[in-house]
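What follows is a short report on a single structure.
The numbers here are math on the coordinates, done by the rules we state, and not lab data. All figures in this text were calculated on a predicted structure; none of them were measured in a lab. Heads up, the Cβs are rebuilt from the backbone with ideal geometry, glycines too, and the neighbour counts pull from every protein chain shown.
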2 protein chains.
Amino acid sequence: MRGGSAINRRTVLKLRQAGIATLRSVKIKILLCGCVALTLLAVANRNCGSSLSLLGWTGGVASLDRSSSPRGRYAIVMNTWKRYDLLKKSISHYASCPRLDSIHIVWSEPDPPSDFLKRFLNHVVDMNSRNGHQIELIVDINNKDSLNNRFKDIKDLKTDAVFSIDDDVIFPCSSVEFAFTVWQSAPDTMVGYVPRMHWVNEKEGEDKYIYGGWWSVWWSGTYSMVLSKAAFFHKKYLKLYNDEMPASIKEYVTRNRNCEDIAMSFLVANATGAPPIWVKGKIFEIGSTGISSLGGHSERRSECVNKFAAEFGRMPLVSTSLKAIDSRNVWFW
Amino acid sequence: MRGGSAINRRTVLKLRQAGIATLRSVKIKILLCGCVALTLLAVANRNCGSSLSLLGWTGGVASLDRSSSPRGRYAIVMNTWKRYDLLKKSISHYASCPRLDSIHIVWSEPDPPSDFLKRFLNHVVDMNSRNGHQIELIVDINNKDSLNNRFKDIKDLKTDAVFSIDDDVIFPCSSVEFAFTVWQSAPDTMVGYVPRMHWVNEKEGEDKYIYGGWWSVWWSGTYSMVLSKAAFFHKKYLKLYNDEMPASIKEYVTRNRNCEDIAMSFLVANATGAPPIWVKGKIFEIGSTGISSLGGHSERRSECVNKFAAEFGRMPLVSTSLKAIDSRNVWFW
């Protein structure tokens, strides 16, 4: 009997333990299901109108119409060169972005734009002008073919913000809008999508530098320039580039058909003593690969960095590791 | 024979398939092992001196000694109230941070600080003064107990940057340093760790607002204020707060012992027309939970937002979704 009782007790104990384990596992399963369901619900609702009310916040975002002020809109300055299809695509895209005030096309070809091209561009811009706001389109025709043309001062520019862009780079309007709001908080510095770095060339000494491309930025998380192929900056830097950039640097840029973007980075860093801001954005390169994929590109860019540092008498670039992201697109903080 | 041959062929086919599958699986395993090994190597090397050389970038980061200029260092303005242990802990911590120029303790108690406390704080500050730079410690004793004291203008402040902080909030020096570099790129706006939002109260109309706490910011990814309990701003806003903040708002802050931070956010947004910048940082709250955990907190904060918007004659706060992160700490872009 004693043994039987012990076996019974053991069986009861086992059953009880199994019961508790099952209950625990059921509880865990219910909890897990709940989590998954809530997450799905959250994902489905996030960024929707109902997302706030779901958690009890019924208020909407206060919107201010600041688009009429000089800081409420921006101008696009687009550099182009004999790629009319790309130009048409680009202008058609950017003209649809909200808060765009005007488009300035930097034209440095021997022949002026054809009547057909002008008609097409004007039509696109007119089509996208809305809410009583006419987007202005200006083609700035230059006699001299120089990369300095992209930073020519623009008389009577209505907006403070300039979005400098190549004709073969497309960002969704939401990305442009986001970068513009970042620039509004930091109007003295450059705000762009394409970061680059200058590294001290330890083999050659403290004041010799190496140009660091995308992979070195990706790897180190550090940069000191954002390229003007896709960046916002204050219009005052156009004037500064024309009036105060050493002539030797401008000549170098024209002669080598390169490095106007590094020159602009030097200029802004020299004026602010601060680094630029890199904004995360989805980039679509619609043209063929640029000069950066050609052989000897890094060497030529390093040469520019060293040449410009010597001309400035010091290295004005400041490195940073700041990345500006859109927190609406981030899930775990 | 035919059947036997078919079976043989099937067997050979199966074996061949199994062989291919095994080979594939081995290949995949080798590939996976390679990936894991490379990742581990990368993690081990990242942010180390050798991380750049690993991928062929041998240059170091160019460092500039800008710490002697007004924009190269910052001052801490710390609000405190009868929590001497927290004050001692906080000062001991922040005094060790590089690029700190001076500490200003805002003292609004009836009794002045004890000699013991003063000796302790001075000792801590002296211990951390290095490289020939003496950190200055100033206790600003106020007769009137008002939260406006934390924004009193500081005569002869050497730095442009003010790091406004409560005595019970600790950030690692690396976080402070990062936020400071963000502020250097955006010196006109507030740069802080604690974001808050104002929502339009849709039930009551367009010009009525609800104060949104942390969870609404987390959920929506949107904010329009950063709290002065942990934020960088330009010293010019201290003067502006004293000279241009409506007296009714300052009286409201003193009477209700609340909302000086909202008032400062209104002031800066009104001056810039731009949103602040939220910096991701690890926060350690060393005190007991603050007033935000008390009942009715949200209602009182909403009342402040509405009161101040009425006094300003409009809602100056601008919402944004920018989150500034340290790209050295991010792995996948």
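Give me the inter-chain shielding for A:202-213: mean count of other chain Cβ atoms within 10 Å, whole number please.
Neighbouring Cβ atoms belonging to other protein chains average 2 per residue here.
Please give the peptides B:270-277, A:136-143, B:236-243, B:255-262 ranked by average Cβ packing (other Cβ atoms within 10 Å per residue), highest first, as a rough proxy for protection.
The densest-packed peptide leads the list: B:270-277, B:255-262, B:236-243, A:136-143.
Can you pull out the trypsin sites (Lys or Arg not before Pro) in the range B:155-221 that DSSP calls coil and that have at most 10 other Cβ atoms within 10 Å?
Qualifying residues, ordered by number: B:Lys155, B:Lys203.
Straight-line reach only, C-alpha to C-alpha below 20 angstrom: list the lysines that B:Lys236 could link to, leaving out same-chain residues fewer than 8 apart.
List returned: B:Lys152, B:Lys155, B:Lys158, B:Lys250.
Using a Förster distance of 41 Å, how high is the FRET efficiency between B:Glu311 and B:Ser96, based on the Cβ-Cβ distance and rounded to 0.05?
According to the calculation, E is roughly 0.50.
Report, to two decimal places, the Cα Rg of the range A:98-250 normalised by 2.2 N^0.38 Å (N = number of residues).
Cα-based Rg divided by the globular estimate yields 1.21.
How far apart are the B:Glu285 label points across copies, placing each 7 Å from Cα toward Cβ, in nm, shortest first?
4.7
Quick one: compute the contact order of the range B:178-318, relative version, from alpha carbon pairs under 8 angstrom and 6+ residues apart, as a percent.
With pairs under 8 Å counted, the relative contact order is 32 percent.
May I ask you to report, in nm to one decimal and beginning with the shortest, the distances from A:Ser96 to the same position in the other copies, taking label points 7 Å along Cα-to-Cβ?
5.5
Kirkwood hydrodynamic radius (Cα pairs, Å) of the range B:106-179?
In the range B:106-179 this quantity evaluates to 14.6 Å.
Between chain B and chain A, with a rotation axis joining them, whose C-beta in B is nearest that axis, and what is the whole-Å distance?
Nearest-to-axis residue on chain B, with distance in whole Å, is B:Ala186, 2.
Most exposed first by the Cβ proxy, i.e. fewest other Cβ within 10 Å, how do B:Ser114, A:Ser185 rank?
Neighbour counts put them in this order, fewest first: B:Ser114, A:Ser185.
Please rank A:Val191, A:Val125, fewest neighbouring Cβ atoms within 10 Å first, as an exposure proxy.
Fewest-to-most ranking of A:Val191, A:Val125: A:Val125, A:Val191.
May I ask you to derive the relative contact order of the range B:74-176, considering only C-alpha pairs under 8 Å and at least 6 residues apart, and to give it as an integer percent?
Reported relative contact order: 44 percent.
Got the A:Val139 label distances to the other copies yet, label 7 Å along Cα→Cβ, in nm, shortest first?
7.3
Which lysines have a Cα lying under 20 Å from the Cα of A:Lys89, excluding residues fewer than 8 positions away in the same chain?
A:Lys118, A:Lys229, A:Lys282
What distance in nm lies between label points placed 7 Å from Cα along the C-beta direction at B:Ile141 and B:His297?
It is 3.3 nm.
Can you pull the mean other chain C-beta count within 10 Å for peptide A:214-222?
5
How big is D, in µm² s⁻¹, for the range A:183-309 by Stokes-Einstein at 25 °C and 0.890 mPa s if Rh is the Kirkwood radius over C-alpha pairs?
Estimated diffusion coefficient is 160 µm²/s.
In sequence order, what are the phi-derived ³J(HN,Hα) couplings for the range B:274-283 according to the Karplus relation 6.51 cos²θ - 1.76 cosθ + 1.60 with θ = phi - 60°, rounded to whole Hz, with x for glycine and proline?
10, x, x, 10, 8, 9, 6, x, 7, 9
Determine the relative contact order of the range A:207-285: mean sequence separation of Cα pairs under 8 Å and six or more apart, normalised by residue count, in whole percent.
Values: 29 pairs, mean separation 30.9, N = 79.
So the answer I get is 39 percent.
What's the average, rounded to a whole number, of partner chain beta-carbon atoms within 10 Å of each residue's beta-carbon in A:303-315?
Counting Cβ atoms of other protein chains within 10 Å of each residue's Cβ and averaging gives 0.
Just want the ordering: B:Lys323, B:Lys250, from fewest to most Cβ atoms lying within 10 Å of their own Cβ. Don't jump to the answer; show the numbers that get you there.
On the way: B:Lys323 22, B:Lys250 18.
The fewest-first ordering by Cβ neighbours comes to B:Lys250, B:Lys323.
Work out, step by step, the length gained on full extension between B:Asn256 and B:Asp126: first 0.36 nm times the residue separation, then minus their alpha carbon distance; give nm to one decimal.
Net length gain for the segment: 43.0 nm.
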